[in-house]
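Scroll down for the structure; my scribbles are underneath it.
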Amino acid sequence: MRIKLRHLYLVAAVCALAAGIAVLPANVIGSSTTNLRTLGFGYGDSIYNYDFENQTVDARHVDWATSLLFYNNANVNKIKTILEGSYWIYGSKENANLNDSGSWEWDQDGGMKTDIPSCLGSDAHYRVYAPSANDRFYNPTFGYYLFGTTHHDHHELCDASYDDSEGTEHDIANRMSARGYYTRYDYAWFYNAQFDTQGNHRFNNDGYATYVEVP
Amino acid sequence: MLAVCGLAIASGAADAAGPGLHTIWQVPQRALPRAAGVAHGGTVTLGAFRLPAGSAQGPDRWYAIRLHAVLGLSRSPGDCILSAATDRATAAQIEIQTEPRAASVSSLGWIQGRRRLVTHAARTTIDFRNYLQVHGVRSGANPFRLTLDVLGGRCLTSIRLLSGSGIATTRARPDELRFLVPTTALAVTKGRPLTIPYELSRRGGWPDRGATVTLSVPRSWRIDGARSQRFRRLGDGRRGSFRVTPTTTGASYVGLRAVRVYNEPSAAIQVRVEPAKGWLSGRGVSLLLSAALIVGAAALTLAGLRARRREHAKAAR
């Protein structure tokens, strides 16, 4: 079978287009918000109301809205241990920018998920953040505390998409409440209500964060 | 009434709770042995301190916890959290992680800052102090509880609570020292010197004992000068700077820390180190390359269409 010249042109065009997209700088693509701001927790402690894809504060490259606050006697290891019966798989790392001692610093967490990634399955996923050297904040208003983001992962190994931060926040609130922890679902306005779709990233967050008291 | 006793003690110069702190209540001697009961997990109430009507945390008088104990460390893998609370509001949280040959004990508070001890010994002594939570101070009886949360394995073989554990007061505000540092990344070219500026501000309250600011940098970076700077007095605050020469490229952090003083503030400053600039470097080139390839794709598609048209014309002839 004879290969026609126009077929060669077509193959070359497709290859060149794919290569062109592939070499686009990775940071050109990202999820964005118009709600990015800092939240103060007293005594100079502050966080951003979203976590970030990179260690750069940039409203065009946010990941998920902050939707959880664990306080009184919280600690990253302790929260993950409490939830490990349901959330048992490590997730990929994202970044939070926070201020605990007069200067802003980064913390990274991969968080925990309810299931292993697959082509057809979905899982709930949370990440928790605190100053990386301490794994918790302390101040006289909140005691030992930390904050978190939530979402759902779908079909991660094939046509991945991500959504429903509100659903995972609700799931964690239910689980903590069922274990006897004083839980106030959607208790505080975190200025990050967002309902839109950007690529495979669908924001569905009502802007209110859930508070869980850890004894 | 006990608070009144505490005020009486406050007039004394020295106090076992530490400089600037005045003990108002101690866990009763008869209750100390009960702490041993939570060595494998659980909660125990060790008494209650009473405060007069109108008592509150700050702004003039601040209440602090002191937890003084000897911990027997397990020789097996374990992770647990020893905490103490007044009125269920936790003010002491000490994380203990044990391995067969060593154990780490880390604590965080606003009087001693962050502390982490790695030990090979079978026992360690903790003497922890921290400001109580606002909700942990109220008029009337304030129960004092000790809790051990076992997160995994077994980390403690024993807890021996020592006398002196209890509640103290101070007139010093909690957030005493703070670093003010650049909040955006500092940019520098690899091999060129960079100045790291900082300001250490002091709000007053604790005695002005000065401070030593210590710089930490990524391995192999050069510090041009001393690694630490000592201020004998801080007053309302002091300014300073360090000079470093980065030897690696990319985003890195340098750290500042004022150790063994008040709330032990620390700060991290992001530094973006660029390689010596060449025309092939940077995001612009990759965008240019991307654009060239996409334009190339368009040109090839057009050429393909033309070739097709020529083939059709030839076939028609």
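Per residue of chain B, the DSSP helices (runs of n ≥ 4 H) give a summed -39500 (n - 2.57) that works out to -4500 deg cm²/dmol at 222 nm. When each of the peptides B:132-145, A:143-156, A:30-43 is scored by how many other beta carbons lie within 10 Å of its residues on average, the order from highest to lowest is A:143-156, B:132-145, A:30-43.
On the basis of the beta-carbon distance and an R0 of 56 Å, B:Ala251 and B:Ser139 show a calculated FRET efficiency of 0.65. Take the Cα of A:Arg37, step 7 Å toward its Cβ, do the same at B:Arg123, and the gap between the two points is 5.5 nm. Let me have the relative contact order for chain B, percent, based on Cα pairs under 8 Å that are six or more residues apart. Value for chain B: 18 percent. Remark: mean inter-chain Cβ contacts per residue of A:103-110 equal 4, using a 10 Å Cβ-Cβ cutoff to other protein chain atoms. A simple count of charges around B:Thr43, restricted to other residues whose Cβ falls under 12 Å of its Cβ and scoring Lys, Arg +1 and Asp, Glu -1, yields +2.
Summarising the strand pairing of the stretch A:2-214, around 85 percent of its internal DSSP beta bridges are antiparallel.
Amide H contacts for B:Gly58 (H built 1.01 Å from N in the peptide plane; partners 5 or more residues away or on another chain; cut-off under 5 Å): B:Tyr63. Placing pseudo-labels 7 Å out from each Cα toward the beta carbon at A:Thr81 and B:Thr189 gives an inter-label distance of 5.2 nm.
Taking a Cβ cut-off of under 10 Å around A:Pro117, the surrounding Lys, Arg, Asp and Glu residues balance to a net charge of -3, with basic ones at +1 and acidic ones at -1. Spin-label pair B:Ser55-A:Ile89: with each label point 7 Å from Cα along the Cα-Cβ axis, the two points sit 5.2 nm from one another. Summing charges over neighbours of B:Glu95, with a neighbour being any other residue whose Cβ is under 12 Å away from its Cβ, gives +2 when K and R count +1 and D and E count -1. Per residue, the average separation of C-alpha pairs within less than 8 Å and at least 6 apart gives chain A a relative contact order of 20 percent.
Exposure proxy ranking for B:Lys314, A:Lys113, based on other Cβ atoms within 10 angstrom of each Cβ and starting from the fewest, stands as B:Lys314, A:Lys113. Sorting B:Ser83, A:Ser118 from the fewest to the most surrounding beta carbons within 10 angstrom yields A:Ser118, B:Ser83. On the basis of the beta-carbon distance and an R0 of 35 Å, A:Ala59 and B:Arg232 show a calculated FRET efficiency of 0.20. Residues of the stretch B:140-157 falling in the label zone of B:Gln29, defined by backbone nitrogen less than 20 Å from a point 7 Å along Cα to beta-carbon, are absent.
Within 10 Å of the Cβ of each residue in B:179-191, the mean number of Cβ atoms contributed by other protein chains is 2.
Within the listed set B:Val244, B:Val259, B:Val118, the residue fluctuating most in the Gaussian network model of chain B (springs between alpha-carbon atoms under 10 angstrom) is B:Val118.
Counting Cβ atoms of other protein chains within 10 Å of each Cβ in A:129-139 and taking the mean gives 5.
One decimal place: the segment B:Arg310-B:Leu162 gains 43.6 nm when fully extended, by the rule 0.36 nm per residue minus the C-alpha distance. Taking amide H atoms as placed 1.01 Å from N in the peptide plane, the amide H of B:Glu176 lies under 5 Å from those of B:Asn263, each 5 or more residues away in sequence or on another chain.
Every number in this text was worked out from the coordinates using simple rules, so none of it is lab data. All figures in this text were calculated on a predicted structure; none of them were measured in a lab. Quick reminder, even Gly has a Cβ in these numbers, built from the backbone with ideal geometry, and neighbours come from all protein chains shown.
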